[in-house]
Amino acid sequence: MALYRNPRDKRVFVPRPNGSVVLNFGHPIAWAILMCMTVIPFVIVTVVTIAVFL
């Protein structure tokens, strides 16, 4: 999996030749998107797990 990082590129989602898109990690919003995609599901799973065991 190749990572794309170009701070001069203003696009957050950069199209790839195969039709998919990749995040531009040179853009600060891409890091916020990555955090939301990892932290929020983790918190949901943790809360549900705690609720089940209580």
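Bear in mind these aren't lab numbers, they're just calculated from the coordinates by the rules spelled out. Remember, predicted model here, so these are calculated numbers, not experimental data. Heads up, the Cβs are rebuilt from the backbone with ideal geometry, glycines too, and the neighbour counts pull from every protein chain shown.
Key figures for this structure:
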| item | result |
| --- | --- |
| On Cα atoms only, tilt of 28-53 relative to the major axis of the chain in degrees | 20 |
| Under 5 Å, built H, 5+ apart or other chain: amide partners of Y4 | F25 |
| P(r) histogram, all alpha-carbon pairs of the chain included - 5 Å bins from 0, percent | 4, 18, 20, 16, 13, 9, 8, 7, 4, 1 |
| Under 5 Å, built H, 5+ apart or other chain: amide partners of V22 | V14, R16 |
| Cα→Cβ-extended label distance, 7 Å offset, between M35 and A51, nm | 2.5 |
| The chain: calculated mean residue ellipticity at 222 nm from DSSP helix runs of at least 4, using -39500 (n - 2.57) | -17000 deg cm²/dmol |
